[in-house]
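The values are calculated or read from the model by the stated rules, or taken from the named source; none is laboratory data. As the structure is a computational prediction, the values presented were derived from the model and not from experiment. All Cβ positions, glycine included, derive from the backbone under ideal geometry; neighbour counts span all protein chains shown.
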Amino acid sequence: MNEKYDIIIIGSGIGGLMSAFVLSKHGYNVCVLEKNSKLGGTLQAYKRNGRMLGTGMHYIGSLDEGQMMHNIFNYFGLFNDLQYQRLNDDGFDVFNVGGKEFKFPMGMNNYRKSLVQQFPNEEEAINQYISGLLSTVKEQDVYSLQEPSEGKNSESNFLSTNAWDYISSLTNNPDLRNAMAALNFVYAGRKEVTPMYNHALINYYFISSAYRIVGNTQLLADKLASQIRNFGGTILNRQQVETFVFNDKTLTGVKTTSGETFFADSFISNAHPTTTMSWIPEGKIKKTYRKRLTGLKDTLSAFSLHLILKPGTVKYRNFNYNFYKTDNVWYASYYDEKKWPEHYFVHWPADILNPEFVDNVTILTHMKYEEVEKWKDLPIKRRGEEYEQFKKEKAEKLLNLAAQQFPEFKENLETYYAATPLSFKDYLGTPTGSMYGTERNYQRPYDSYISHKTKIPNLFLTGQNLNLHGMLGVSLSSLITSGEFVGLKKLLKEVRETF
Ligand SMILES: Cc1cc2nc3c(=O)[nH]c(=O)nc-3n(C[C@H](O)[C@H](O)[C@H](O)COP(=O)(O)OP(=O)(O)OC[C@H]3O[C@@H](n4cnc5c(N)ncnc54)[C@H](O)[C@@H]3O)c2cc1C
């Protein structure tokens, strides 16, 4: 029989690794089980043609000294041996919306000034908008690393306010509405459902300051893993959990596809809630709870194109570029497969050894899972000619669109690698390859935010499906989940006081 652990954590995404870090640091005998050979979930990077290509995460907000993510990265030891590239102050994200170009400068005041400069007749709407962002963030105690006051977040108006309705109530100017919502892609905003809460927190997070990881995001996962091992934790890869083991009503272990069973007192799942529910045999939880957690809609998936470029030919750019063919930044909700792609996001990786040029870039856009679903049961990497042809056609369409603004991408191309929603499904274990996990809906504010506690007393959840996605949301949810064991108040104080 395998050793019995205090806590088994299923999944080594940021949520799983950060929880394991906190708990092993506090003396718990922790074991992380990861289905893939690489750790990190959406932080994974893989080598192709000598280049390290990332799966997801491209940039991180609020990393300036004194800002909340700086505090969190300090606590998790993520400044030791790792470097970060601060993006351009005057425009960390550049947008081209229906031919009109504008930038998001860093700092709330600069952002406000730049909006007023572009829309001088809309100063009142802009001021109101900024105060809406600030008051939403202020309402969230955890954002300032304070323990949530009892019942406070449930009183938040912004959970039940629609972001689009809020923005359009302030101004009729379509360009200003677009400018306010332009970061839409990084939270997969949908006009009909996205709460002001998600919009405000993500905007505030990036506008405060925006950084790239120098190198690749795998470095973050590996750094967390080495510290967990130093604290005495165990991390096992290629261990895909397939079911929970119960002794009568008590959850006692997990069984993996390798045939091994691992035992612990408590369990934390970093996997998608639908996946987690699939491990619980019938009769162990109420049907209504299972239905609620498996019935949540997912955010849209993506198509990602990694271009391998001839070294020394394509210049590094210190910003992200967001292109919208039409004048509608909410287009993803209605995208037309026949007209695809009408949007893209470009990321130039920061490289310390060669800061002037890049030898690869990533181009990302939305794609529905339904477009590739028919190939889902075919084996990975052997999905057949039709699927390969689909990928090729999509890759070339996306490359051609991006090459209209950046002809150097096509002129200096060595080769490319593409990832579809099926790749995200396979490598992240999400049922529909969604980019940001389950979708939050302002009409169902309490149903679409999941608690870290489950109906099984020794089973907890963590990761992007709980509160918010991204480095911001996931690191906060990992603190909340591990706070359940070590005391949230004490843990947040520890994080605040780490220098
Ligand atoms: C394309 C893309 C771009 C993004 N860009 C950014 C960005 O620029 N900035 C930002 O802040 N956020 C970004 N995000 C969002 C961010 O990356 C995610 O919200 C975050 O990484 C999710 O972390 P997680 O720990 O919740 O889950 P995941 O990273 O999904 O990790 C879950 C882990 O669980 C494992 N697992 C699943 N099932 C099992 C099983 N049965 N047994 C064992 N292990 C299992 C998976 O293999 C995986 O390792 C992006 C996401 C995507 C997809």
(request) For residue 114, indicate whether it is among the polar types (S, T, N, Q), assigned by TED's automatic domain parsing to the domain that holds residue 303, surrounded by 19 or more Cβ atoms within 10 Å (Cβ to Cβ) and farther than 28 Å from residue 307 by Cα. (result) yes
(request) Within segment 248-261, track down each residue that is surrounded by 15 or more Cβ atoms within 10 Å (Cβ to Cβ) and within 11 Å of the ligand (Cβ to nearest atom). (result) 254, 255, 256
(message) If I ask for residues that are among the polar types (S, T, N, Q) and either farther than 22 Å from residue 392 by Cβ or assigned to a loop (DSSP other than H, G, I, E, B) (or both), which ones from segment 288-311 would you list?
(response) 288, 294, 299
(request) Among residues belonging to segment 286-314 that are within 11 Å of the ligand (Cβ to nearest atom) and among the polar types (S, T, N, Q), point out the one that is farthest from residue 438 (Cα to Cα). (result) 304
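Restricting to segment 147-176, name every residue that is part of a helix (DSSP H, G or I) and modelled with pLDDT of 95 or more.
Applying the first criterion (part of a helix (DSSP H, G or I)) to segment 147-176 yields 153-155, 157-159, 163-170, 174-176.
Across segment 147-176, the qualifying residues are 163, 164, 165, 166, 167, 168, 169, 170, 174, 175, 176.
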(request) Tell me the helices (runs of 4 or more DSSP H) entirely within segment 407-499 that contain at least 1 residues that are in contact (Cβ under 8 Å) with a residue 12 or more places away in the chain, within 16 Å of the ligand (Cβ to nearest atom) and farther than 19 Å from residue 44 by Cβ. (result) 445-448, 470-486
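Does residue 267 satisfy the criteria of being of a type in the set (Phe, Trp, Tyr), crowded, with 22+ Cβ neighbours inside 10 Å, within 15 Å of the ligand (Cβ to nearest atom) and over 23 Å from the mean Cα position of the chain (by Cα)? Full working, then the answer.
Details: of a type in the set (Phe, Trp, Tyr): yes; crowded, with 22+ Cβ neighbours inside 10 Å: yes; within 15 Å of the ligand (Cβ to nearest atom): yes; over 23 Å from the mean Cα position of the chain (by Cα): no.
No, not satisfied.
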(request) Filter segment 242-264 for residues that are under 23 Å from residue 450 (Cβ atoms) and under 29 Å from the mean Cα position of the chain (by Cα) and give the result. (result) 242, 243, 244, 254, 264
(message) Looking at 412, 360, 400, can you tell me which residue is polar (S, T, N, Q), closer than 16 Å to residue 306 by Cα and out of contact with any strand residue (DSSP E or B) (no Cβ under 6 Å at 6 or more places or on another chain)?
(response) 400
(request) Search segment 375-391 for residues being touching a residue at least 24 places away in the same chain (Cβ under 8 Å) and of a type outside the set (Phe, Trp, Tyr), and hand back the single one that is surrounded by the fewest Cβ atoms within 10 Å (Cβ to Cβ). (result) 380
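Filtering segment 51-73 down to residues that are more than 15 Å from the ligand (Cβ to nearest atom) and in contact (Cβ under 8 Å) with a residue 60 or more places away in the chain, which residue is nearest to residue 480 (Cα to Cα)?
The first filter runs over segment 51-73 and keeps only residues more than 15 Å from the ligand (Cβ to nearest atom), leaving 51-52, 64-66, 71.
Within this subset, residues satisfying the condition of being in contact (Cβ under 8 Å) with a residue 60 or more places away in the chain are 51-52, 64, 71.
Working: 51: 36, 52: 32, 64: 23, 71: 16 Å.
For segment 51-73, the residue satisfying everything is 71.
For every residue, the table says whether it meets (1) outside the structural domain of residue 99 (by TED's automatic domain parsing); (2) acidic (Asp, Glu); (3) part of a strand (DSSP E or B).
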| site | (1), (2), (3) |
| --- | --- |
| 361 | no, no, yes |
| 364 | no, no, yes |
| 374 | no, no, no |
| 379 | no, no, no |
| 383 | no, no, no |
| 388 | no, yes, no |
| 391 | no, no, no |
| 395 | no, no, no |
| 402 | no, no, no |
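Out of the residues in segment 453-470 meeting the condition of being over 14 Å from residue 11 (Cβ atoms) and not β-branched (Val, Ile, Thr), tell me which one is modelled with the lowest pLDDT. Walk me through how you get there before you give the answer.
Taking segment 453-470 as the starting set, the residues that turn out to be over 14 Å from residue 11 (Cβ atoms) are 453-458, 467-470.
Next, from what is left, pick out any that are not β-branched (Val, Ile, Thr): 453, 455, 457-458, 467-470.
Details: 453: 97, 455: 96, 457: 97, 458: 98, 467: 87, 468: 92, 469: 94, 470: 96.
Per the criteria, the residue is 467.
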(message) Out of 92, 104, I need the residue that is within 16 Å of the ligand (Cβ to nearest atom), crowded, with 24+ Cβ neighbours inside 10 Å, more than 19 Å from residue 476 (Cα to Cα) and not small (Gly, Ala, Ser). Which one?
(response) 104
(message) Can you tell me which condition residue 310 does not meet? The list is (1) exposed (fewer than 15 other Cβ atoms within 10 Å of the Cβ); (2) outside the structural domain of residue 100 (by TED's automatic domain parsing); (3) closer than 30 Å to residue 365 by Cβ, and all the others hold.
(response) (2)
(request) Could you check residue 44 against (1) within 9 Å of the ligand (Cβ to nearest atom); (2) modelled with pLDDT of 95 or more; (3) over 22 Å from residue 490 (Cα atoms); (4) touching a strand residue (DSSP E or B) at 6+ places or on another chain (Cβ under 7 Å) and say which number it fails? (result) (4)
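Would you check if residue 189 is more than 26 Å from residue 101 (Cβ to Cβ) and either at pLDDT 95 or above or part of a loop (DSSP other than H, G, I, E, B) (or both)?
Working: more than 26 Å from residue 101 (Cβ to Cβ): no; either at pLDDT 95 or above or part of a loop (DSSP other than H, G, I, E, B) (or both): yes.
Spelling it out, it is not the case that residue 189 is more than 26 Å from residue 101 (Cβ to Cβ) and either at pLDDT 95 or above or part of a loop (DSSP other than H, G, I, E, B) (or both).
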(request) Could you run through segment 57-103 and say how many residues are touching a Pro at 6+ places or on another chain (Cβ under 9 Å) and charged (D, E, K, R)? (result) 2
